[in-house]
Structures are given as C-alpha cells and as structure tokens.
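Down below is the structure, laid out as structure tokens.
The values are calculated or read from the model by the stated rules, or taken from the named source; none is laboratory data. The structure displayed is predicted, hence computed values, not measured ones. Ideal geometry is used to build each Cβ from the backbone, glycine not excepted, and the neighbour counts take in all protein chains shown.
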Amino acid sequence: MQLFGRAIRQILLLHANRLNAVEFGAVAEGLAARGYAFVRLEQALLDPVYGSPDRYVRNHGVSWLLRWAVSRGLPERSLKRKPPIPAFVRIEAQTPWMVLTRSRIGRWRETLYARVKKPWIARLRGVR
C-alpha cells in the first residue's frame, strides 16, 4: 500500500518471552539479510508519519497503516485485502509439528478410505 508515497520506518514489536529471547538472533539476521536495518525506537518515531491523525475507532485493533488509511478517507473494504505471504515465510512457518500433523492426517485419510469408504462403495456396486 503506497499510503504515504514513500517507505516509512516500521516498528517491530516483540514480546519478552523465552522463545523470542532464544530466536531473536536468527530473526535479526534474517531481517538484515533481506535488507532491513535496525534503528532505535526514538529514531523511528521521528518520522512525521507517526504524527498523522488517527480517527480509526472500532472494537478490534488493526495495524497503524490501516488506521491511517481509514483516517485519510480510504474505504475500509479496500483495506480488507491482505498482502500476499512470500513463499519463504510460508515454508518457514511450517513447523515440524505442522508437517507431522499433515502427514498423520494424510495417513488417517488413506486408512479411512481403505477400511470404510472403499468397501462401502464396493457393496453399493455389488462388487465383493
């Protein structure tokens, strides 16, 4: 979304927990490898964008970019589109648990088909 016609300094919010403490080094290296640079919060907030009016009032929270877009009069329906998720993110998001679960579900489906659906279809067709 080219809301301001230029790149703005983004703020990365991380919560203090064990996972972030352990993995932050890898996250920071990955971001740096993709061309991101890190600045202090105070420096990021010097961008005039952060002084933009915020007239967004709803029961749920959204990103600041969406809040500013609504404040500038853009229709909310135009903001429903989510940006495409890059392939590297989709691949990295597949945790070992997810991969294992998908594998188990696939085997379960095959077993269910072989033990239940296939014999049921055969009986309906009169095949033994």
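Quick notes
- In the range 51-74, the residues that are under 17 Å from ILE8 (Cα atoms) reach residues that are of a type in the set (A, V, I, L, M) and assigned to a helix (DSSP H, G or I) with C-beta atoms within less than 8 angstrom, at least six apart or across chains, in these pairs: LEU66/LEU79; TRP68/VAL49; ALA69/LEU79.
- Selection count where residues are among the β-branched types (Val, Ile, Thr) and outside any helix (DSSP H, G or I), scope the range 104-128: 1
- The lone exception for THR101 - which of (1) surrounded by 11 or more Cβ atoms within 10 Å (Cβ to Cβ); (2) within 23 Å of GLN10 (Cβ to Cβ); (3) modelled with pLDDT under 85; (4) not charged (D, E, K, R) it fails: (2)
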